[in-house]
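The values are calculated or read from the model by the stated rules, or taken from the named source; none is laboratory data. Owing to the predicted nature of the structure, the values given are computational and were not obtained by experimental measurement. Because the Cβ atoms are built from the backbone with ideal geometry, glycine has one as well, and the counts that use them run over all protein chains shown.
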Amino acid sequence: MGSCLVQQSVTGYSFAVVGAVTEALRHPHNGEVTTGDTDGLTIRPATPDDVPEIVAMIRELAEYERALHEVIATEEHLERTLFADVPAVFGHVAVAADGRVAGMAVWFLNYSTWLGSHNLYLEDLFVRPDHRGSGVGRRLLQTLAAICLERGYERLEWGVLDWNESARGFYSSIGAEALTEWIPYRVSGQALARLAEHG
């Protein structure tokens, strides 16, 4: 994936891949996708056994993004959200031929009122340093794009920090558009409590 193709939906640029797709399916954790390459890389839906590795990669990603101190997610949080009876967030992992987890993608659905369609929003994409440059990130994105086509999601969207030039260059190379006219906003902590109480 080149140097550090990681992202988190915080500040910076938003990217989108848009395409006309087919009727939506209803099962977010369908199947396992195994690449045909001789390196034996497997992209598959995350399982509860993957949670410790996913949490570790979340922390590795946050450290790269200079925000490790902001991470409060635990294995319990991930177990509860990724594997709820009716989950609203999903994950895929890339597993190398030696069985080690090489990368992850954590995603959820958002919605476009203009399109009248769900879209897939990629919250985190992370490839471990010793697997970068080998196509792991591209194959994770390819898997998510295939899910969009299969299930009728019109867009694959994500954010990237504005200083992550290597990631932005890669995303542009795969046909993603930088949505520079949009500025993300967030309300959290005490501001969220005040808004809820006083408007």
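Condition check: of a type outside the set (A, V, I, L, M, F, W, C) and either more than 29 Å from Asp39 (Cβ to Cβ) or in contact (Cβ under 8 Å) with a residue 60 or more places away in the chain (or both). Does Arg59 satisfy that?
No: the conditions fail for Arg59.
Residue count for segment 64-86 under the criterion of being closer than 29 Å to Gly40 by Cα and not hydroxyl-bearing (Ser, Thr, Tyr): the result is 5. Residues in segment 97-142 that are under 18 Å from Ala167 (Cα atoms) and of a type in the set (Val, Ile, Thr) were compared, and the one that is surrounded by the fewest Cβ atoms within 10 Å (Cβ to Cβ) is Val106.
For segment 133-199, which fully contained helices (runs of 4 or more DSSP H) count at least 2 residues that are within 21 Å of Leu115 (Cα to Cα) and not polar (S, T, N, Q)?
Per the criteria, 136-151.
Within segment 144-199, the residues that satisfy the criterion of being modelled with pLDDT of 95 or more, of a type in the set (A, V, I, L, M, F, W, C) and more than 19 Å from the chain's Cα centre (by Cα) are Val187, Ala191, Leu192, Ala193, Leu195, Ala196. Of all the criteria given as (1) over 24 Å from Thr42 (Cα atoms); (2) touching a strand residue (DSSP E or B) at 6+ places or on another chain (Cβ under 8 Å); (3) β-branched (Val, Ile, Thr), the one not satisfied by Thr143 is (1).
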